[in-house]
Amino acid sequence: MANQLLKKRAANEKFAKRNEQHRKLGKKKSKLGSSQESTPISKIWIYILAFLIVGGGILELFSFFF
């Protein structure tokens, strides 16, 4: 019985030590001065949408005047 208790205790300590390392090395705290906010969509999609909207507007102006 005591042998199982010692094995469980050793396993629990090993588990706690491993989790403590994960807590220390986990998510990095963001710096207040250099925070970068990411957009929900990538820049390439913003450029594509802007191209379509501006291009459509230019084509409408051409069709209106010519």
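Read-outs throughout are calculated quantities, based only on the coordinates presented, and are distinct from any laboratory measurement. Bear in mind the structure is a predicted one, so any value in this text is a computation, not a measurement. Note that each Cβ is placed from the backbone with ideal geometry, even for glycine, and that neighbours are counted across all protein chains shown.
Excluding residue 14 itself, what net charge comes from residues whose Cβ is under 12 Å from its Cβ, given Lys and Arg +1 and Asp and Glu -1?
+3
Put a dot 7 Å past each Cα toward the Cβ at residue 14 and residue 50; how far apart are the dots in nm?
Reported label-point gap for residue 50 and residue 14 is 5.6 nm.
For residue 2, what is the net charge nearby, where nearby means another residue's Cβ is under 15 Å from its Cβ and Lys, Arg count +1, Asp, Glu -1? Let's see the in-between values first.
Values: positive: 7, 8, 9; negative: none.
Neighbourhood net charge equals +3.
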